[in-house]
Amino acid sequence: MHILPHTTLGIDFGTSNSAMAWRTAGQSAQLVPLEGKAAAMPTALFFHYEDHSTHYGRDAMRQYLAGEEGRLMRSLKSLLGSSLLQDKTAVHGQLVSYQDIIAIFLKLMAEQAQQHMGGMPERVVLGRPVHFVDGNPERDAQAQASLEAAAHTAGFQEVAFQLEPIAAALDYEQRLSEEACILVVDIGGGTSDFTVVRLGPQHAGKRDRTQDILATTGVHIGGTDFDHKLNVAEVQPLLGLGHHGPSGREVPSRVFYDLSTWHLIQWLYTAKALREAEALRSDYSDRHLHARLMRVLEEQAGHRLADAVEQGKITASSTAAVAPLDLGWVESGLAAQITPEGLEQHLQALLAEVVKCAQECVNKAGLRKEQITALYLTGGSSALQTLRDALKLAFPTTPQVAGDLFGGVAAGLAYA
């Protein structure tokens with residue numbers, strides 16, 4: 001294997017999307033194309049049942065949404081620090097752990113990097129959230145160790161870590177001509193992370209940047225949590241959530257909450273889970289609703305439902321208009337919708353927690369909000385307009401600067 005000396009590869013392995021960038025000492029970071037010319041791709045794998053092929057990223061989503069026979073996996077990063085990570089599942093006739101599946105995805109990234117760069121990097125820097133797991137340092141350390149082990153399995157040798165919001169700051173710094181005190185707002189699929197950091201040309205050359213990092217905070221809330229809330233509010237009632245049965249008792253809700261949580265969906269397709277869902281029939285007054293639920297589960301279409309909600313969220317946010325969700329594939333004529341008003345209503349509590357975490361970061365740095373030069377927004381979920389509006393209320397005089405939402409962290413990791 002040809003090792004490229006003095007070369008660093010930054011890998012942003014994200015809950016929803018992943019990206020890579022590389023840099024040789026003294027040079028600027030360059031993003032590595034992952035799918036065609038696209039520098040970021042969905043963190044998704046699809047294992048095809050018939051030909052035993054493995055598909056990644058957008059191709060994985062296309063295979064799944066086209067109805068190909070197989071199994072889709074997304075949001076694997078959410079399993080880091082969880083006991084579920086070592087659970088085994090059947091992939092192409094073999095039992096493998098979910099940590100092994102993360103390694104399979106990272107191995108693809110290693111192959112893409114090697115092909116693009118002409119060799120393997122001397123050093124790899126992986127991004128990590130401020131907290132993989134909130135309030136549990138032991139499980140947090142376990143999550144990082146598991147990701148490091150997966151990276152070694154994938155073929156990477158020297159592996160280091162950097163906090164994702166700090167990486168975003170290092171990328172932003174390349175474009176600054178004077179000193180600034182920045183609050184980095186990194187809203188990903190699984191976490192929201194914040195850093196107050198001093199940046200600028202006079203800082204960029206320093207080998208040790210410890211003194212420039214004034215505070216970091218993070219909370220385990222991100223885009224997949226927003227999707228979950230919207231799914232529970234707007235779609236799951238169509239399958240029976242909140243419905244009352246003949247005895248007057250509400251249908252047990254666990255199946256609906258798991259069905260609207262990206263990284264738990266695949267567990268609903270086991271024989272045991274299907275039997276439990278079928279047994280809910282007697283809890284329904286309207287068996288029609290139960291039939292919808294069973295069709296989604298039996299056709300392993302939970303991710304399709306979640307994807308429709310995610311796309312509706314993005315459309316409602318970016319257009320400030322109603323985003324219809326066509327669910328005719330569940331039942332002819334069935335539909336739901338995501339509205340800008342619904343985004344504000346259903347996400348209000350989650351966004352309040354995210355904004356509170358941002359404010360705590362500034363307070364922890366010993367600064368007033370007026371002393372923050374700019375909010376630097378990165379991470380795909382930072383594009384959500386309701387989030388930006390909530391941040392504007394909390395930091396009314398501070399300009400918001402949008403970075404490269406999907407490639408900024410990877411580029412910064414290459415500078416780390």
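Out of the residues in segment 295-312 that are part of a helix (DSSP H, G or I) and surrounded by fewer than 16 Cβ atoms within 10 Å (Cβ to Cβ), which is nearest to the chain's Cα centre (by Cα)?
Among those residues, the one meeting the criterion is 311.
Across segment 212-227, which residue is farthest from residue 128 (Cα to Cα) among those that are under 14 Å from the mean Cα position of the chain (by Cα) and open to solvent by 30 Å² or more (accessible area, probe 1.4 Å)?
Ranking the qualifying residues of segment 212-227, first place goes to 225.
Between residues in segment 336-354 that are charged (D, E, K, R) and residues that are open to solvent by less than 40 Å² (accessible area, probe 1.4 Å) and part of a helix (DSSP H, G or I), which pairs lie under 8 Å by C-beta distance while being six or more apart or on different chains?
344/386
Could you look through segment 357-385, keep only residues that are free of Cβ contacts under 8 Å to residues at least 60 places away in the same chain and among the basic types (Lys, Arg), and pick out the one that is farthest from residue 164 (Cα to Cα)?
Among them, the one singled out is 368.
Do any strands (runs of 3 or more DSSP E) lying entirely in segment 1-57 carry at least 2 residues that are within 30 Å of residue 69 (Cβ to Cβ) and without any contact (Cβ under 8 Å) to a residue 60 or more places away in the chain, and which ones are they?
Answer list for segment 1-57: 40-42, 44-48, 54-56.
Just to be sure, is residue 342 modelled with pLDDT under 95 and crowded, with 19+ Cβ neighbours inside 10 Å?
Answer is no for this residue.
Examine segment 118-129 for a residue that is out of contact with any strand residue (DSSP E or B) (no Cβ under 9 Å at 6 or more places or on another chain) and of a type outside the set (A, V, I, L, M), and state whether such a residue exists.
No: zero hits.
With the requirement that a residue be in contact with a Lys or Arg (Cβ under 8 Å, 6 or more places away or on another chain), open to solvent by less than 20 Å² (accessible area, probe 1.4 Å), more than 15 Å from residue 413 (Cα to Cα) and part of a helix (DSSP H, G or I), what does segment 144-167 give you?
Within segment 144-167, 147 is the sole residue that qualifies.
Scanning segment 52-85 for residues that are more than 21 Å from residue 156 (Cα to Cα) and polar (S, T, N, Q), which turns out surrounded by the fewest Cβ atoms within 10 Å (Cβ to Cβ)?
For segment 52-85, the residue satisfying everything is 83.
The values are calculated or read from the model by the stated rules, or taken from the named source; none is laboratory data. Treat the numbers as computed from the prediction; the structure is a model and nothing was measured. As a convention, Cβ positions derive from the backbone with ideal geometry for all residues, glycine included, and neighbour counts pool all protein chains shown. The area values use the complete protein model at the heavy-atom level, side chains included, leaving out ligands, DNA and RNA. Shrake-Rupley method; radii C 1.70, N 1.55, O 1.52, S 1.80 Å.
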